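Student: Next up is a structure, given as structure tokens.
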Amino acid sequence: MAEEHPDLPQRSLPAATVPAEVVARTERRWLGLMIGVLIVMMAVVVLTGMANAIHPPSNVETIDPTTLHLGGEFAESNLGTAQERDGSLTVRLVAGQYGFAPDCTKVAVDTPVKFRLTSTDVIHGFLLPSTNVNTMVVPGFVAEVRTRFARPGIYRMPCNEFCGAGHHGMWARVNVVPKEQFKPVALTERSTCVQQ
Ligand code: CUA
């Protein structure tokens, strides 16, 4: 903003010079507009995230990646689809260069599904196109994503984090079947569709 200099002779501004108060008013309007745009963009991010149940990779749960195979939640016998007492499903997967174990899991449509994944080596990605599922799988941490499939079908599961020379060939699938085709899993059982 221009300051007053009483000792300077008052001259009229040359033509085409914008008076200081007009500049200040224009700047205030632009500032207001920018703040408005930021508020709208933040609202879009927050509201669409809430409406589509998008989970940022924020599950802070650590695990020792060197002993996964020896026992505990991610031992081979515990991988695949588990059915909880409330009927919801929990799918456990291990990602490693260059594949997911198991590479095919089966779940029921319109049922709450919780995916729990971890990595044995480097960072991998877990993405199910056309769903809210998209997270990184970081060694040392357990990635957890909740979803509910609206339509049956085979959902491809490409690794979407570059993880090495075989990255392009790293993918698995989730077979979402109608409820009547989903065979209930006993509480202690784990099911996959790898052999089918
Ligand atoms: Cu695993 Cu890319």
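Student: For the pair Met42 and Glu180, how long in nm is the line joining their label points, each one 7 Å along Cα→Cβ?
Tutor: It works out to 5.1 nm between the two label points.
Student: A further question follows. Calculate, in nm to one decimal, what Thr188 and Leu31 gain on full extension: separation in residues at 0.36 nm each, minus their alpha carbon distance.
Tutor: Here the answer is 50.5 nm.
Student: I'd like the Karplus ³J(HN,Hα) series for the stretch 22-30: coefficients 6.51, -1.76, 1.60, θ = phi - 60°, whole numbers in Hz, and an x wherever there's a Gly or Pro.
Tutor: Working through the residues one at a time gives 5, 4, 4, 5, 5, 5, 4, 5, 4 Hz.
Student: Give the cysteines in the chain for which no other Cys Cβ lies under 4.7 Å away, or write none if there are none.
Tutor: Lone cysteines by the Cβ rule: Cys159, Cys163.
Student: Taking Cα pairs under 8 Å and at least six residues apart, what relative contact order does the stretch 51-196 come out at, in percent?
Tutor: Averaging sequence separation for qualifying contacts and normalising by length gives 29 percent for the stretch 51-196.
Student: Let me ask something additional. For the pair Asp110 and Leu70, what calculated FRET efficiency results from E = 1/(1 + (r/R0)^6), where r is the Cβ-Cβ distance and R0 = 30 Å, to the nearest 0.05?
Tutor: The pair Leu70/Asp110 has a calculated efficiency of 0.25.
Student: If we count other beta carbons within 10 Å of each Cβ, what is the order of Lys114, Lys106, Lys183, fewest first?
Tutor: With the sparsest Cβ surroundings first, the list reads Lys183, Lys114, Lys106.
Student: Let me ask you something else. Using modelled backbone amide H atoms (1.01 Å from N, in-plane), which distant-in-sequence or interchain residues come within less than 5 Å of Asn160's amide H?
Tutor: It is Gly125, Phe126, Leu127, by chain and number.
Student: Check which residues have an amide H placed less than 5 Å from Val194's amide H, if you skip close sequence neighbours.
Tutor: Cys104
Student: Arrange the peptides 15-25, 68-78 so that the one whose residues have, on average, the most other Cβ atoms within 10 Å appears first.
Tutor: Highest-to-lowest ranking by the protection proxy: 68-78, 15-25.
Student: Using each residue's phi in the stretch 122-138, evaluate 6.51 cos²θ - 1.76 cosθ + 1.60 at θ = phi - 60° and report the 3J(HN,Hα) Karplus result to the nearest Hz, with x for Gly and Pro.
Tutor: Whole-Hz 3J(HN,Hα) from phi for the stretch 122-138: 10, 6, 10, x, 10, 9, 10, x, 6, 10, 8, 8, 6, 8, 8, 10, 9.
Student: With θ set to phi - 60° and the Karplus curve 6.51 cos²θ - 1.76 cosθ + 1.60, what are the ³J(HN,Hα) couplings of the stretch 94-110 in order, to the nearest whole Hz, using x for Gly and Pro?
Tutor: Karplus values, whole Hz, x for Gly and Pro: 10, 9, x, 5, 10, x, 10, 10, x, 8, 8, 10, 10, 9, 9, 6, 6.
Student: For Ala165 paired with Asp103, estimate the spin-label separation in nm (one decimal), with each label point 7 Å from Cα along the Cα-to-Cβ line.
Tutor: With each label point 7 Å from Cα toward Cβ, the separation is 1.8 nm.
Student: If neighbour count is taken as other Cβ atoms inside 10 Å, put Glu180, Glu189 in order from fewest to most.
Tutor: Result, fewest neighbours first: Glu180, Glu189.
Student: Of Ile154, Leu128, Val22, which is farthest along the charge dipole of the chain in the positive direction, counting Lys and Arg as +1 and Asp and Glu as -1 at C-beta?
Tutor: Highest projection toward the positive end goes to Ile154.
Student: Would you give the gap between the C-alpha center of the stretch 102-161 and the C-alpha center of the stretch 166-196, rounded to a whole Å?
Tutor: A separation of 12 Å, based on Cα centres.
Student: For the pair Thr62/Ile123, report the inter-label distance in nm, with labels modelled 7 Å from Cα in the Cβ direction.
Tutor: 1.8 nm
Student: Sorted from fewest to most neighbouring beta carbons within 10 Å, what does the list Asp103, Asp110 look like?
Tutor: Ranking Asp103, Asp110 by Cβ neighbours within 10 Å, fewest first, gives Asp110, Asp103.
Student: I need the calculated FRET efficiency for the pair Met50 and Ala24, taking r as the beta carbon distance and R₀ as 30 Å, to the nearest 0.05.
Tutor: Result of the calculation: an efficiency of 0.15.
Every number in this text was worked out from the coordinates using simple rules, so none of it is lab data. Just so you know, these numbers come straight off a predicted model, no measurement behind them. Glycine also receives a Cβ, built like all others from the backbone with ideal geometry; neighbour counts cover every protein chain displayed.
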